[in-house]
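Participant: The structure under discussion is supplied below as structure tokens; questions concerning it will follow.
The values are calculated or read from the model by the stated rules, or taken from the named source; none is laboratory data. Since this is a predicted model, take the numbers as computed values, not measurements. Here the Cβ positions follow ideal geometry from the backbone for every residue, glycine too, while neighbour counts run over all protein chains shown. Please note that ligands, DNA and RNA were not included when accessible areas were found on the heavy atoms of the full protein model with its side chains. Shrake-Rupley method; radii C 1.70, N 1.55, O 1.52, S 1.80 Å.
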Amino acid sequence: MRSICLYCGSSPGVSPAFTQAAADFGAAVAARGWRLVYGGGGGGLMGVAARAALAAGGEVVGIIPRALLEQEHGLREVSELIVTESLRERKGIMFERSDSFVALPGGFGTLEEVVETLTLRQLRYHKKPVYFLNTDGFYDPLLAFFTHAVAAGFVHPAQLGLFTVTADVPGLMALLAQAPDATSPAGALKPPALG
Ligand code: AMP
């Protein structure tokens, strides 16, 4: 079964378009028969996506540090709840348990997670695909920064190919469906070193 890792806000954001995208994404992952892997929180876009996937009969794996169970309203009704001792352990398990990574709108935590996944891909620790769902142009300023970093000589232009940006959930689902399965030779992995 294909496992999709979701990085997104523990807040809902101000636009209903963000919650709609999270709900559509969760439901679409479940409808495809894929597993949703995420940070285990019950609030914000995280909770919206997970509940939508569960409501659509999907399998959801929540991975959350013990210390954040209360603060992030850990969702108890997930299919599998993994309680970790640290943020680092959470990130490592989310990485290992997933074939593809998707960033919906979010804050520092979302950015930290998706950019680390990109840097690990840049350093060839893995070949798993990374997607940004650019709902309402949320990621435009970050994408502009990436282009700025290329112009400033800190990012090789080829590194802009490490991720794919898509505007809506149907487009994202089509891309995910084409992505190589991590168990296939095309998606074969070197063991990640997340320390
Ligand atoms: P945010 O986008 O800031 O709302 O955060 C989204 C999620 O990322 C939350 O569940 C945070 O606990 C999580 N998060 C923030 N920083 C880290 C980190 N360094 N490693 C793993 N998860 C993190």
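Participant: Checking LEU111 against (1) more than 17 Å from the chain's Cα centre (by Cα); (2) open to solvent by 40 Å² or more (accessible area, probe 1.4 Å), only one condition comes out false. Which one?
Facilitator: Condition not satisfied by LEU111: (1).
Participant: Any idea which residue in segment 1-59 is nearest to HIS73 (Cα to Cα), counting only those that are open to solvent by 10 Å² or more (accessible area, probe 1.4 Å) and aromatic (Phe, Trp, Tyr)?
Facilitator: It comes out as PHE18.
Participant: Can you find even one residue in segment 151-172 that is open to solvent by less than 20 Å² (accessible area, probe 1.4 Å) and within 13 Å of the chain's Cα centre (by Cα)?
Facilitator: yes
Participant: Any idea which residue in segment 126-150 is most open to solvent (accessible area, probe 1.4 Å), counting only those that are outside any loop (DSSP other than H, G, I, E, B) and in contact (Cβ under 8 Å) with a residue 24 or more places away in the chain?
Facilitator: Filtering segment 126-150 down to residues outside any loop (DSSP other than H, G, I, E, B) leaves 130-133, 135-137, 140-150.
Those still in the list that are in contact (Cβ under 8 Å) with a residue 24 or more places away in the chain too: 130-133, 135-136, 142.
Details: VAL130: 2, TYR131: 14, PHE132: 0, LEU133: 1, THR135: 13, ASP136: 116, LEU142: 35 Å².
Looking at the filtered set, the residue picked out is ASP136.
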